[in-house]
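Participant: Pasting a structure below so you can have a look.
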């Protein structure tokens with residue numbers, strides 16, 4: 001057989017391995033099927049659950065994974081935990097985890113600094129062992145950090161304006177949440193209120209505009225993203241919501 005098949009198989013098998021290991025170790029309560037109310041905490045299907053509206057959350061592969069988890073029992077815990085906090089979308093899109101994980105950690109650190117450090121001490125981006133909100137998993141911290149980053153970019157592109165929730169009823173989902181996934185291959189998380197309240201508490205935005213510290217945070221994030229061989233960005237540049245170009249432009253500013 002030719003080299004094309006050998007190379008494709010090796011890369012595909014690695015992607016499937018990473019995804020399966022992550023999904024097998026994933027607690028039932030954190031699965032899409034559970035979040036959509038299709039299964040209970042034991043992984044059993046809920047009688048009468050409307051699966052048509054959430055078919056994406058409970059696919060044949062999901063069912064196979066639940067079967068495998070049940071068959072493996074406690075042996076699941078012996079699988080590598082390295083993928084536990086890596087976002088599923090990143091694995092699906094064959095993200096370079098070796099290069100991306102340090103970037104993930106730095107962006108989480110930069111965003112979470114605003115919750116415990118004064119402005120003059122920010123910029124190190126050292127991720128803390130515990131989040132400011134202990135109820136968040138590492139994966140949710142990753143998703144929140146990049147969603148906050150994308151929200152800041154959206155506001156900066158729009159003349160630094162923080163639009164009210166009423167004005168962003170559809171825009172938040174389309175531009176911020178979808179933009180996060182299209183740009184970074186990381187699932188977005190949270191509502192308008194969740195993201196805005198977090199950024200307001202960190203004093204990087206107020207009720208109407210991005211504050212100087214918000215611009216500084218966005219530039220720091222941009223420089224972190226662009227100096228890492230840009231493996232963090234979605235390679236599909238044809239996506240309208242892929243804001244990689246805007247992040248590259250922002251990285252050229254001083255800050």
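Every read-out reported here was derived from the displayed coordinates using simple, explicitly stated rules and does not represent laboratory data. Bear in mind that the values here come from a model prediction, so they are computed numbers and not experimental data. A quick note on method: Cβ atoms are made from the backbone with ideal geometry, for glycine too, and the neighbour counts reach across all protein chains shown.
Participant: What is the spin-label model distance, in nm, from residue 241 to residue 92 if the labels are put 7 Å beyond Cα along the C-beta direction?
Facilitator: If labels sit at residue 241 and residue 92, their model points lie 1.2 nm apart.
Participant: With an 8 Å cut-off on Cα pairs and a minimum separation of 6 or more residues, tell me the relative contact order of the chain in percent. Each step should come with its number before you reach the end.
Facilitator: On the way: 291 pairs, mean separation 44.5, N = 255.
Taking the mean separation of contacting Cα pairs over the length of the chain, I get 17 percent.
Participant: Another one. At what distance in nm do the modelled label points of residue 171 and residue 55 sit from each other, each positioned 7 Å from its Cα along Cα→Cβ?
Facilitator: Rounded to a tenth, the inter-label distance reads 3.4 nm.
Participant: Among 2-14, 146-158, what's the highest-first ranking by average C-beta atoms within 10 angstrom per residue?
Facilitator: So the peptides 2-14, 146-158, ranked by packing, come out 146-158, 2-14.
Participant: Right, next: Between 121, 197, 50, which gets the highest mean-square fluctuation from a Gaussian network model of the chain, Cα cutoff 10 Å?
Facilitator: Result: 50 has the largest fluctuation of those listed.
Participant: Oh, and also: Taking the chain as a Gaussian network, where each spring joins two C-alpha atoms under 10 Å apart, which residue of 25, 141, 220 fluctuates the most?
Facilitator: 25
Participant: Quick one: among 202, 160, 43, which has the greatest mean-square fluctuation in a GNM of the chain with alpha-carbon springs under 10 angstrom?
Facilitator: In this elastic network of the chain, the residue with the biggest mean-square fluctuation among 202, 160, 43 is 43.
Participant: Take residue 44 and residue 208, extend 7 Å from each Cα along the Cα→Cβ direction, and tell me the distance between the two endpoints in nm.
Facilitator: So the label points at residue 44 and residue 208 sit 5.7 nm apart.
Participant: With a/c under 1.5 counting as rounded, go ahead and sort the range 3-78 into rounded, prolate or oblate using the C-alpha gyration tensor (a ≥ b ≥ c being the square roots of the eigenvalues; past the cut-off, prolate if a/b is larger than b/c, else oblate). Walk me through the intermediate numbers first.
Facilitator: Working: a/c = 3.03, a/b = 1.67, b/c = 1.82.
Verdict is oblate for the range 3-78.
Participant: Which order do the peptides 165-171, 33-39 take when ranked by the mean count of other beta-carbon atoms within 10 Å per residue, highest first?
Facilitator: Per-residue Cβ counts within 10 Å, averaged per peptide and sorted highest first, yield 33-39, 165-171.
Participant: Now, a different point. Give the peptides 60-70, 102-112, 82-92 in descending order of average Cβ contacts within 10 Å, highest first. Before the final figure, lay out the partial values.
Facilitator: Numbers: 60-70: 14.1, 102-112: 21.7, 82-92: 18.8.
For the peptides 60-70, 102-112, 82-92, the packing ranking is 102-112, 82-92, 60-70.
Participant: How would the chain be classified by its alpha-carbon gyration tensor: rounded, prolate or oblate, with rounded meaning a/c under 1.5 and the a/b versus b/c comparison settling the rest?
Facilitator: Details: a/c = 1.80, a/b = 1.47, b/c = 1.22.
Verdict is prolate for the chain.
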